[in-house]
Structure formats: structure tokens, C-alpha cells
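What follows is calculated from the coordinates using simple rules that are stated; it is not laboratory data. Every value quoted in this text rests on a predicted model; they were computed, and no experiment measured them. Using ideal geometry, Cβ is built from the backbone for each residue, glycine included, and neighbour counts are taken over all protein chains shown.
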2 protein chains.
Amino acid sequence: MELLEKRIREDGTFLGNDILKVDNFLNHMIDVELIDEMGKEWARLFKGEKINKILTIEASGIGIACIAARHFGNVPVLFAKKSKSSNIGSDFYTAKAYSFTHGNVNDIVVSKKYLGKDDSVLIIDDFLANGEALLALTSICNAAGARVAGVGIAIEKHYQGGGDKIRAMGIRVESLAKIKSMSDGDVEFM
Amino acid sequence: MELLEKRIREDGTFLGNDILKVDNFLNHMIDVELIDEMGKEWARLFKGEKINKILTIEASGIGIACIAARHFGNVPVLFAKKSKSSNIGSDFYTAKAYSFTHGNVNDIVVSKKYLGKDDSVLIIDDFLANGEALLALTSICNAAGARVAGVGIAIEKHYQGGGDKIRAMGIRVESLAKIKSMSDGDVEFM
């Protein structure tokens, strides 16, 4: 998506060869017009898919998912929570996701009440790198018997391999900006 | 706001005399149409205020704030992060907020780059009880020299006093559902 790639080039901050900061328009301050265009684009890409729920994970995914939902007929947004305690009872689907950003393991939880076999789910998130969070979300969908209709990602760091790992599972992943490489403040998209 | 009060009566879960769960439409699964109506209502209430930024706090506030922003001319949304480390350097405004829900103290952080003396801010959050999170957000606005144009809250537990504490500071707080009392599954609005 040209608009997002342009914005990353102009306003993203590149630290070293691996860190891209977009906290001025995506995950601390949010440009609502930009994420609205992203929602429109996912709606175009996933047109024809019967999607009745959007699943994301706190915190940065929530705003993007809510705005996107407006382009999918106002389907409900469900956001997985990161739990500090692994003792959360039997009312939740849980999965573990290692965070490379924070160097810790998160237990991701979704209430069993809100996800089930009748659901056809679009998963949305801001970043896809190693795919840990996304694998956790898909495993929760599997546990619930829900269908993963597709995945919408804002920025995929393609060279980290997570996206292709998910695609190899037969899941359609649509990333609006796919980064081939980053180095010394320069970025190359696929 | 009739629509929200009705929804709380019908779909809220009341545990004991103090806990109201709304995770089926507000803070785990999100009814996007409902929060869109809430955004419209805040836009009506704060009409005439020059608001150029919406400030909220992760995680539950983010979706509400992003949808609301569309009714305020697509102003940017800035969300405060809950930091585990109090050693986050000098680039952030910080404030402490005690969480009654989780029984811990959160360091709330906002980058100094995104909030300043030219900002006229609407603060939005899902719940207002003792007002700890809101006091932290207003103190961050004060530190930045930003004007707090007002506060939009979905559900205020009025009997816990936080709302009136903020109002006594001269800040306009518009809560769409103000709970006077809760007991045994029954709720009384103001």
C-alpha cells in the first residue's frame, strides 16, 4: 500500500538494522485517517470472505481493528489480553507468545464466551515479525473451532520469516507494507 | 445516554456490590456501532471546544478513542502506555496511577514529542471510578503545558467519587452512563 510505505519512509525512525519505530502515527500516536485507509484496503482485499468478527491483541492492534471493523459491516472486535497470571481459570482460551520486543513470554487470553465454531475471523495486528503473536492468535482460533478467514497486517518485517511461516499453514496474510530489508535508515519494500 | 444505559442493564454482569463487567461489548469484545454512537454523543457535547488531540490510556480506551476521533475531524489519538519500568529516560512524561482492579501501581508514560503547549486535549476512557488513571492523564497534560478541554467517559461509577474530584478541579467531565448505585444485579443510574 503506497500510502503506508510512503509514511514509513517519511516518518518512521530506523534504529540499527532491525528496529523500526512508528510511534508517531501507528502505535503511540495514531493517525486515524491513515488507519481508516488501511481498513478500506483490507476490506477490498478480503472482499467476498464472510467475516463476522475481527480478532486482535492489545494494545496497538485495537485502534486499527476498530476502525477496520467499520469497513466490514461493523462486525465486533475482540481483543486478546496479555495476562500476567497463567492461573486464569477454565473460561479462557490461552496461548503463549514470546515477545522479542520485551524479551518475555506473554500468556494471551480470550474468553471462551466470545469465540466459537460459528466464527469466521479476520485477525488484525500492527506488526508481523517472527510471527509469535500471530501464531498464538491462530492457535486460539483453532482451539475455539473458529475459522481464520485471513490476516491483515500493517507492517510485515518479511525477512524475519513469521509471515511465510503463517502462509505455509495455508492462511492468507495481507500485509500493507512488506519490508524486505532495513539498514542505516534506509528501507526496501518488497 | 439512553443507549449505553440500556446496554449496561441488558448485557452487563454485576458481581457483588461493586464490580460491573462489560467485556461483551466494551472492554474485551467491542461493539463498534455502540462506540460509534458514543463518539457522536461526545462530539455533540463538546461542540465548540477546539480539540486537536484525543488522549487515552491502553488498552480499553484505544478503540473508543479512535472511533470517537472520527467525529472530531479525525484528530490524532495519543495513548498513554503502562510501563513496567520506572527507568524510561527523560523523553517521556510520567505519572503514577494505582489500579484498584489489579491492585498495583502503573507508571503511565507519554512521549514528550507528542504532547505540548499548543494542544487542546479531550481525554477519553472506558471507566471512571476513583479517578486514579484520569488524575495521572491530567497531570501529564499539565506537565506538557497542554490544555484539558474536557473528559469523555463511557461509564462513571459516580459513588466512588473520582468524577467529582476531577470536576472540582474545574475540568468538564461528560460520562455517558453515571452509576449511582449497584447492588445484587440491580443498577441505578443518576
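For A:LYS180, the lysines whose Cα falls under 20 Å of its own Cα, not counting residues fewer than eight places away in the same chain, are A:LYS6, A:LYS21, A:LYS157, A:LYS165. In summary, the aspartates and glutamates within cross-link reach of A:LYS96, defined as a Cα separation below 19 angstrom excluding same-chain residues under 8 places away, comprise A:GLU58, A:ASP107, A:ASP125, A:ASP126, A:GLU132.
Considering the protein assembly as shown at the alpha-carbon level, its Rg and Dmax are found to be 20.1, 61 Å.
For segment A:1-71, trypsin sites (Lys or Arg not before Pro) are listed when DSSP marks them as loop and at most 13 other Cβ atoms sit within 10 Å of their Cβ; the list is A:LYS47, A:LYS50. As a ratio to 2.2 N^0.38 Å, the alpha-carbon radius of gyration computed for segment B:2-189 takes the value 0.99.
Indicate, rounded to the nearest 5 percent, the antiparallel portion of the DSSP beta bridges found entirely in segment B:24-161. In segment B:24-161, DSSP labels about 40 percent of beta bridges as antiparallel. Computed on the Cα trace of segment A:48-158, the radius of gyration divided by the Kirkwood hydrodynamic radius gives Rg/Rh = 0.94. Distances between copies at A:SER90, taken between label points 7 Å from Cα along the C-beta direction, are 5.6 nm in increasing order. Between B:ASN17 and A:LYS47, the modelled label-to-label distance comes to 5.8 nm, taking each label 7 Å out from Cα in the direction of the beta carbon. Within the shell defined by Cβ-Cβ distances under 9 Å, the residues around B:LEU26 carry a net charge of -2, with Lys and Arg each +1 and Asp and Glu each -1. When shorter helices are ignored and each DSSP H run of at least 4 residues is given -39500 (n - 2.57), the per-residue value for chain A at 222 nm works out to -8500 deg cm²/dmol. With label points defined 7 Å past Cα in the direction of Cβ, position B:GLU49 shows copy-to-copy spacings of 3.8 nm, given to one decimal and shortest first. Placing a label point 7 Å from Cα along the Cα-to-Cβ axis, B:LYS6 is separated from the same position in the other copies by 4.3 nm, shortest listed first.
Separation of segment B:11-87 from segment A:111-178 is 25 Å, based on Cα centroids.
Would you work out the relative contact order for chain B, in percent, from Cα pairs under 8 angstrom that are 6 or more residues apart?
Value for chain B: 21 percent.
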